[in-house]
């Protein structure tokens, strides 16, 4: 069962807490950072052949990883960051930073992605879950997407082939892995004004979100016509803890790691909040974050 001969970085018994923004989790059996899409496809094929459990990660900003570790291969796409700018569009590999893409688009006078300036994920993950903020969603700007299917095929879809919803997409539903994508943006924006908008959004984020502690962004999706944060705060959960996992005192839809939180602490808080909100308001809160088992 020799591993493929690849140039990308490969680590064994690697701490998962280094691969996610909550800074929790046990040891991964193997972690691989492919240098190009061919290496990713080659390692995917190897895992499929030897029936090795496989987990794809970007910046790990929307996942809860298991305390017991992961017995299998973790593929991290952050080295897949090639980008090509055109007059009104941009094509980028899945590992490109979404925050960086938003800033660079603004610098080029291309409107559309300013809302994403504070979303700390990769482009690929953002497309898969249709990430959004301030009333905007990334799916509105997607032109086409190249994916790896669960069968190991590489396929290309244009915007009309993909269904985007609130924090979800048909790509995620079909377990497609985003490899690269292009965005059609609006040219002619005033760079100075766009940079000012980004500055304002970043300042708002600092005021309203607990950036001083490890977290994974909004934990729950907003229920129709309401706010998950409002319900959680009204139910009295702000500041409550399980171990070092705490419902943020700044924003109730965030759970922070105050120091040595375990994933099981965070998961218990999530489940307790869901049960309480269902009893008190009759609302079933769904998570935005993905819980990974070992």
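Every read-out reported here was derived from the displayed coordinates using simple, explicitly stated rules and does not represent laboratory data. Just so we're clear, the structure is a prediction, and the values are computed from it rather than from any experiment. For neighbour counting, all protein chains shown are included, and Cβ atoms are generated from backbone atoms with ideal geometry for every residue, glycine included.
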What relative contact order, as a whole-number percentage, does the range 11-128 give when Cα pairs under 8 Å and 6 or more residues apart are counted? 24
Could you work out how much longer the chain between residue 153 and residue 51 gets when fully extended? Use 0.36 nm per residue separation minus the Cα distance between them, nm to one decimal. 35.0 nm
Distance in nm between label sites at residue 82 and residue 143, each 7 Å beyond Cα in the beta-carbon direction? 1.7
Under the rule a/c < 1.5 gives rounded, and otherwise a/b versus b/c splits prolate from oblate, where does the chain land using the Cα gyration tensor? oblate
Nearest 0.05, what FRET efficiency do residue 163 and residue 275 give at R0 = 22 Å with Cβ-Cβ as r? 0.10
Determine, from the Cβ-Cβ distance of residue 200 and residue 1 and an R0 of 45 Å, the FRET efficiency 1/(1 + (r/R0)^6), rounded to the nearest 0.05. 0.25
Can you put 101, 113, 278, 54 in order, fewest other beta carbons within 10 Å first? 278, 54, 101, 113
Give me the percent of DSSP beta bridges within the chain that run antiparallel, rounded to the nearest 5. 80
Under the rule a/c < 1.5 gives rounded, and otherwise a/b versus b/c splits prolate from oblate, where does the range 150-215 land using the Cα gyration tensor? oblate
Which value in nm describes the separation of the simple spin-label points at residue 249 and residue 290, placed 7 Å from the Cα toward the beta carbon? 3.4
Determine the relative contact order of the chain: mean sequence separation of Cα pairs under 8 Å and six or more apart, normalised by residue count, in whole percent. 17
For the range 1-58 and the range 233-262, what is the separation of their Cα centres, given in Å? 31
Among bridges DSSP assigns within the range 9-76, what percent are antiparallel (round to 5)? 45
With an 8 Å Cα cut-off and a minimum separation of 6 or more residues, compute the relative contact order for the range 9-76 in percent. 43
